[in-house]
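The values are calculated or read from the model by the stated rules, or taken from the named source; none is laboratory data. Everything numeric here is computed off the predicted structure, so don't read it as measured data. Here Cβ is always computed from backbone atoms with ideal geometry, including for glycine, and neighbour counts include all displayed protein chains. Please note that ligands, DNA and RNA were not included when accessible areas were found on the heavy atoms of the full protein model with its side chains. Shrake-Rupley method; radii C 1.70, N 1.55, O 1.52, S 1.80 Å.
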Amino acid sequence: MGYLSPPPAPAPVVVYKDVGGLVTDYEAQTEQYRRENREVRLHECRSACTLALSLPNVCVYPDAKIKFHQAYNEITRETDLGVSAKLFAAYPAAVQARLGYLTREYRILSGTELIGLGMRNCNSPSGTMIAGAKTKTPSATEIASAQSTVNPNPWGDIARKVQSAVSSAFSGAPQTPPTPIRVAV
């Protein structure tokens, strides 16, 4: 599925491979997604498709490949610095800083790199979001019930024994050897 051929709203737009095209077409589609608060998930996205990074509900898969380059006139092949500047300005500040600038050649950022720069990971539990969906706020009773079942120190006595052994090892004072620690998994 491409960026310009979305499924019916409110389904997320999943971009498997989009090679780009006219920047004006992508600008119009990006603004429509922004108005609809639509989620866009990126696998492979090139050229004008990179405008998707300006959306609030965009996410990238860790194995994604996002390919950036300067805009150019398809007929004359001349670089359009004005359109290139608009594209670059649309990217999040961290992506701009990582790229530095656009060139005529592709510059590729992986999904893992983009996630490291603060883009949302489509695979993380909090990464999947249906635009406009509301989350249920747990009641005070549900919170209290959940907290009462949580053991604050699941390692209990083992952690204390390890801490004591480490402390005595670095204290320099001779001591009787500690009892062996047994861990059952």
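Taking the stretch 4-57, which residues are among the hydroxyl-bearing types (S, T, Y), under 21 Å from A89 (Cα atoms) and loosely packed, with under 15 Cβ neighbours inside 10 Å? Please lay out each step first, then the result.
Restricting attention to the stretch 4-57, the residues satisfying the condition of being among the hydroxyl-bearing types (S, T, Y) are 5, 16, 24, 26, 30, 33, 47, 50, 54.
Among the residues that remain, those that are also under 21 Å from A89 (Cα atoms) are: 24, 26, 30, 33, 47, 50, 54.
Passing the criteria: only T24.
Identify the residue in the stretch 97-107 that is without any contact (Cβ under 8 Å) to a residue 40 or more places away in the chain and of a type outside the set (D, E, K, R) and, among all such residues, is most open to solvent (accessible area, probe 1.4 Å).
It comes out as Y101.
Given the criteria within 21 Å of the chain's Cα centre (by Cα) and part of a helix (DSSP H, G or I), does L51 qualify? Walk me through how you get there before you give the answer.
Details: within 21 Å of the chain's Cα centre (by Cα): yes; part of a helix (DSSP H, G or I): yes.
Judged against the criteria, L51 is a match.
Would you please list the contacts, defined by Cβ atoms under 6 Å and residues six or more apart or on different chains, that run from a residue in the stretch 57-75 that is touching a residue at least 24 places away in the same chain (Cβ under 8 Å) and over 17 Å from T103 (Cβ atoms) to a residue that is outside any strand (DSSP E or B) and among the aliphatic types (A, V, I, L, M)?
N57/A131; V58/A52; V60/L114; V60/M119
Among all residue pairs at least 6 apart or on different chains, which show Cβ distances below 8 Å where the first residue, located in the stretch 76-96, is assigned to a loop (DSSP other than H, G, I, E, B) and the second is open to solvent by 50 Å² or more (accessible area, probe 1.4 Å)?
E78/Y72; D80/Y72; D80/N73; P92/L117; P92/G118
Quickly run through the stretch 68-81 and pick out the residues that are on the phi < 0 side of the Ramachandran plot and either of a type in the set (F, W, Y) or open to solvent by 50 Å² or more (accessible area, probe 1.4 Å) (or both).
Selection gives F68, Y72, N73, E74, I75, T76, E78, T79, D80, L81.
Select, from G132, G118, the only residue that is modelled with pLDDT of 95 or more, open to solvent by 40 Å² or more (accessible area, probe 1.4 Å) and small (G, A, S). Write out each step before concluding.
Values: G132 fails: modelled with pLDDT of 95 or more.
Step by step, each of G132, G118 is checked, and only G118 is modelled with pLDDT of 95 or more, open to solvent by 40 Å² or more (accessible area, probe 1.4 Å) and small (G, A, S).
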